[in-house]
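The values are calculated or read from the model by the stated rules, or taken from the named source; none is laboratory data. These figures come from a predicted structure and were not determined experimentally. FYI the Cβ positions are ideal-geometry reconstructions off the backbone, even for glycines, and counts take in every protein chain you see. These accessible areas exclude ligands, DNA and RNA; they are computed on the full protein's heavy atoms, side chains included. Shrake-Rupley method; radii C 1.70, N 1.55, O 1.52, S 1.80 Å.
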Amino acid sequence: MSAVPTWAQLVYLLCAVGFILALKGLSGPRTARTGNLIGAGAAAVAVVLPFVYLDLDHLPLIIGAIALGSLGGVLGARRVQMTQMPQMVALFNGVGGGAAALVALLELEELGHLPASAVGTFVLVATAFTVLVGSVSFAGSVITFAKLQDLMTSRPVVFAGLPVAFAAALVGSLVLGWLVVDATLLWAGVALGVMGLLVGVLLVLPVGGADVPIVISLLNAFTGLTVAAGGYVLGNVVLLVAGTLVGASGTFLTLLMARAMGRSVPNILFGALKGNSTLGAGEASDRPVRSAGPEDVAILLGYADRVIIVPGYGLAVAQAQHTLRELVELLQARGTRVDYAIHPVAGRMPGHMNVLLAEAQVPYEQLVEMDEINGEFKHTDVVLVVGANDVVNPAARTTPSAPIYGMPILDVDQAQQVVFLKRSMRPGFAGIENELLFDPRTTLLFGDAKESLTKLLSAAKAL
Amino acid sequence: MTDGMVWLTIFVLSVFVGVEVISKVSSTLHTPLMSGANAIHGIILLGAVLVTGQTESTPTLVVGLVAIVLAAVNLVGGFVVTDRMLQMFTRKKPAAPKEAQR
């Protein structure tokens, strides 16, 4: 790499510090937005810097490409609905990983022109790592995107030869990686990238829908490490620090999320391969349940002193957050105590429900986290479960064979009455039946969450 | 210290910083944090610019430009979408008490 002037190195260092401050800010509710802006500022400065101290070729094309990508990014970010946030993160992560892999391939091509003695082994190892893991991250993210966007089934995809194919792809990657390191062969690097795509696909296919968010977080950490390795290859400290920060914090965040779901990361990735992640029925059951009309439910709610709402992804899909808030405000105005119980993984990824309810302007004091509210269900008259299923499924406590077994759940089964607003009897994202639906204290109100809530609201007003 | 050791040192220290700065995050912020961290690794755009600006042949130029487009989507889109989410967390604070009293 050509020498970087000292002043530019100092600016790079400042940018690296900016990223640390950004992450620090993002982890606190009051500082989060500022943190994000600091990160964006640091990134902008770091990207502009080489235009200042280097005499770059192809300037118009480069600037055009940046403008094009930025435009795409902004359009995507503006248009995406909050319910689709996990897919969006997966997609952004994937293209980042892909970019890193391409950068490493270009650098490999460059290194191929140098005499072998001038190129360090570690640089080549880092190059091969970037190509491989960047491709894994790209392909894996595309599959998670397809799963979340319902372009393909969200259930685990397993076929007979999958473990063998996966092992073969890993061995192939090692061989190709060795060729890259040993002989600086460009074709081996390209083949390594293709192999990485295969590994990424095979890695994510067997992961069940409910676990996909954890995989997104893990792939996010992968991309971070890829960028760090790319930074080492290019001799750029900002890339190294920023990539490592994301890699380390992403890994930590993945473990936090897995713990909140009562799952272990290896089990998520390889559970389906070993065959111990039993798949649920995935179909509607025809066992008898007790269903009721909106008027009955309105009476139930109207005479309750203590109500807890459990919102789930179904609420957000129906865009019914605003109607729900109106209903809650009506009940509160009549003296009922109402809180929202927020499971850590409510929605499609940890913290997703908080974002969705914030969008509907629900005051965050009313959002109570699982650990705080679980003791309250005993003293609760009615629990209203809106479009949630897995996070209240007692199978997590009672059925060791269930894929969600061990996940901490909201103890709604301890309440006097439970009302489910559901579209149909189809099981939740994890694909397992919920015994609570058949409990004598449970009432079901079938229909689209928004329609049901609108009817419920007018029935409650008429009381 | 040799060059390699310097890089290794920076790497190891960054790992600890990365874990330390987010160790106290509440689950409320998991989604924006993931999205924000995701945006930060879009800084590979810098790497893509460095490589593309010093390349000579047409095929490598094309690959470099593709990398730049992809990285820019990651970087810019990531920060914008994170800001959109966080905006909703802060905006409602003043509005909320009034609505509740109505």
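Net charge dipole, chain A: roughly 360 debye, given to the nearest 20, about the Cα centre with Cβ charges of +1 for Lys and Arg and -1 for Asp and Glu. Taking all protein chains as they are arranged and a probe of 1.4 Å, the heavy atoms of A:Glu295 leave approximately 110 Å² accessible to solvent.
Computed on the protein assembly as shown, the Cα convex hull volume stands at 139 Å³ per residue. Here the calculated FRET efficiency for A:Ala8 and A:Gln81, from their Cβ-Cβ distance with R0 = 35 Å, stands at 0.30, rounded to the nearest 0.05. Modelled label positions at A:Asp439 and A:Leu54, each set 7 Å beyond Cα in the direction of Cβ, lie 6.1 nm from each other. For segment B:31-88, the relative contact order works out to 53 percent when only alpha carbon pairs closer than 8 Å and six or more residues apart are counted. Between A:Thr34 and A:Val17, 0.36 nm times their residue separation minus their Cα-Cα distance comes to what? Computed gain between A:Thr34 and A:Val17 is 4.7 nm. Here is the list for segment A:286-384: chymotrypsin sites (Phe, Trp or Tyr not before Pro) lying in DSSP coil, each with at most 14 other C-beta atoms within 10 angstrom of its C-beta, are A:Tyr303.
Sequence-distant contacts, meaning Cα pairs under 8 Å at least 6 residues apart, place the relative contact order of chain B at 30 percent. On the principal axes of its alpha-carbon atoms, chain B has extents of 68, 38, 16 Å, going from largest to smallest. Rounded to the nearest 100, the interface formed by chains A and B buries 8200 square angstrom of accessible surface, both chains summed, with a 1.4 Å probe. What base-10 log of the normalised intensity I(q)/I(0) is obtained for segment A:29-81 from the Debye formula, alpha carbons as equal point scatterers, at q = 0.23 Å⁻¹? Taken in order of the listed q values, log10 I(q)/I(0) reads -1.01.
Using the Cβ-Cβ distance between A:Leu463 and A:Phe159 with R0 set to 60 Å, the FRET efficiency works out to roughly 0.60.
Per-residue ellipticity at 222 nm computed for the protein assembly as shown from its helices equals -21000 deg cm²/dmol, with DSSP H segments shorter than 4 residues left out and the rest contributing -39,500 (n - 2.57).
Span-like helix check, chain B: qualifying full DSSP H segments, with Cα axial length of 27 Å or more and mean Kyte-Doolittle of 0.0 or more, are B:3-22.
Entry note, chain A: relative contact order of 14 percent, from Cα contacts under 8 Å with a spacing of 6+ residues. For segment A:120-216, what log10 I(q)/I(0) values come out of the Debye formula at q = 0.15, 0.22, 0.25 1/Å, with one point per alpha carbon and no solvent? Debye output, listed in q order: -0.60, -1.00, -1.16. Surface composition of segment B:31-88: carbon plus sulfur atoms contribute 70% of the solvent-accessible area (1.4 Å probe, protein chains only, all chains present). Ordered from highest to lowest accessible area with the whole protein assembly present and a 1.4 Å probe, A:Arg79, A:Arg397, B:Arg84, A:Arg325 read as A:Arg79, A:Arg397, B:Arg84, A:Arg325. Excluding residues on the same chain fewer than 8 positions from A:Lys461, give the aspartates and glutamates whose Cα lies under 16 Å from its Cα. The reachable aspartates and glutamates, counting only those whose Cα sits under 16 Å from A:Lys461, are A:Glu295, A:Asp296, A:Glu326, A:Glu329, A:Glu451.
Approximating the spin labels as points 7 Å out from Cα along Cα→Cβ, the A:Glu329-to-A:Arg397 distance works out to 3.5 nm.
In this structure B:Thr28 has an accessible area near 30 Å², from a 1.4 Å probe over the protein heavy atoms.
Counting Cβ atoms of other protein chains within 10 Å of each Cβ in A:292-301 and taking the mean gives 0. Size of segment B:31-88: Rg and Dmax of its alpha carbons, in Å, are 13.8, 47. Computed over protein heavy atoms with a 1.4 Å probe, the accessible surface of segment A:162-234 works out to 32 Å² per residue. Ranking A:Asp211, A:Asp448, A:Asp55 by solvent-accessible area of protein heavy atoms (1.4 Å probe, all protein chains present), from largest to smallest, gives A:Asp55, A:Asp448, A:Asp211. Full extension of the chain between A:Leu61 and A:Leu170 yields a length gain of 35.5 nm, computed as 0.36 nm times the residue separation minus the alpha carbon distance. Taking only alpha carbon atoms, segment A:130-175 gives an Rg to Rh ratio of 1.04, where Rh is the Kirkwood radius.
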